[in-house]
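**Q** I'd like to ask some things about the structure below.
The values are calculated or read from the model by the stated rules, or taken from the named source; none is laboratory data. Please read all numbers here as calculations on a predicted model, not as lab measurements. In this analysis, Cβ positions are derived from the backbone assuming ideal geometry, glycine residues included, and neighbour counts consider all displayed protein chains.
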Amino acid sequence: MVKLGLRSIVGKGAAIYVKREMNFGSGTKEFTVDCGGDLIPVVLTRKRVKNINLRIRCNQSVAVSAASHVPLKAIEELIREKAAWILKHFDRYAHQQKDRVVLFYENGDQLNYLGRTYILQVQEAIHREEVLADQDKIYLLIRANCSREHRDKMIDRWYREKAGYILNQSLEKNYPLLARHKIAKPALVIRKMKTRWGSCSLHKQKITLNLELVKMPPALIDYVVLHELVHFIHQNHSKAFYDCLSGLMPDWKERRKLLKEKGILG
């Protein structure tokens, strides 16, 4: 999520108007903005926030949260000003979705784990079904003639088990770096997320991490974990936030760049 002001980053010639508008309960509104012929769907949620917060969604829409006193016109103008950036991300998500490989979990399929690519070997289980890994292979031991859905569940369960250990290990490693700030150690939640690698909740004292992180190199996992931990000190992406992050992880920009190259839909 990014928090944005109203500084223009594209030309002012694009036309903008509300194409359609729908209400979804209290404080939520959906409308489409036409920016010079490019339609941008927007879902606006009214919240107690200081800024206009904008988040690109993988379904080719924009989630916006803003306080109730912020005029709709100002939000529309922000969408217009950010149109080039928004459309760039729409294209990126579209290409990622197009390039995704649908796995049937058969011999020779490639699976990612901790930044490395493993070759899947499917074998009939003699005793019990399980997933095992060695230096360059992941073994899926299953009963004969089982469905793709069953194979998918087996691999997903294995990833979740590994993520539970690895992501908690990263939290244990990075939490002491903030010892002088005396923040409480947050709880860790792991789930699949389509548009974020991680998020934090100050109120609930928890960090939520994307299950897909278990496929990333450990250095990138540590970056996401530390990024979320620093939010318990600085609740925004201010200069103070990045100064703090730089002091704890001087190469965070390189790690973030690599993470962005990995995308979020793989």
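**Q** Based on this model, can you work out whether LEU177 counts as within 21 Å of the chain's Cα centre (by Cα) and not in a loop (DSSP other than H, G, I, E, B)?
**A** When the stated conditions are applied, LEU177 does not pass them.
**Q** Output the residues belonging to the range 202-227 that are without any contact (Cβ under 8 Å) to a residue 24 or more places away in the chain and either in the same structural domain as ILE119 (by TED's automatic domain parsing) or within 24 Å of ASN59 (Cα to Cα) (or both).
**A** Passing the criteria: only THR208.
**Q** I'm trying to understand the selection: among the residues of the range 27-54, which are of a type in the set (Lys, Arg) and surrounded by fewer than 16 Cβ atoms within 10 Å (Cβ to Cβ)?
**A** Answer for the range 27-54, where residues must be of a type in the set (Lys, Arg) and surrounded by fewer than 16 Cβ atoms within 10 Å (Cβ to Cβ): LYS47, ARG48, LYS50.
**Q** Which residues, counting only those in the range 185-235, are part of a helix (DSSP H, G or I) and more than 25 Å from GLN110 (Cβ to Cβ)?
**A** Residues satisfying the conditions are VAL225, LEU226, HIS227, GLU228, LEU229, VAL230.
**Q** For the list (1) over 23 Å from TYR118 (Cα atoms); (2) under 12 Å from the mean Cα position of the chain (by Cα); (3) crowded, with 20+ Cβ neighbours inside 10 Å, I need the number of the one condition that LEU171 fails.
**A** It is condition (2) that LEU171 fails.
**Q** Filter the range 137-164 for residues that are out of contact with any strand residue (DSSP E or B) (no Cβ under 6 Å at 6 or more places or on another chain) and not in a helix (DSSP H, G or I); which is modelled with the lowest pLDDT?
**A** Across the range 137-164, the extreme among qualifying residues is ASN145.
**Q** Can you find even one residue in the range 5-23 that is closer than 24 Å to MET193 by Cα, of a type outside the set (Val, Ile, Thr) and either surrounded by fewer than 17 Cβ atoms within 10 Å (Cβ to Cβ) or modelled with pLDDT under 50 (or both)?
**A** no
**Q** Sticking with this structure for a sec: Residues of the range 231-262 being closer than 25 Å to PHE90 by Cβ, surrounded by fewer than 16 Cβ atoms within 10 Å (Cβ to Cβ) and touching a helix residue (DSSP H, G or I) at 6+ places or on another chain (Cβ under 7 Å), which ones?
**A** Of everything in the range 231-262, just one residue is closer than 25 Å to PHE90 by Cβ, surrounded by fewer than 16 Cβ atoms within 10 Å (Cβ to Cβ) and touching a helix residue (DSSP H, G or I) at 6+ places or on another chain (Cβ under 7 Å), namely LEU258.
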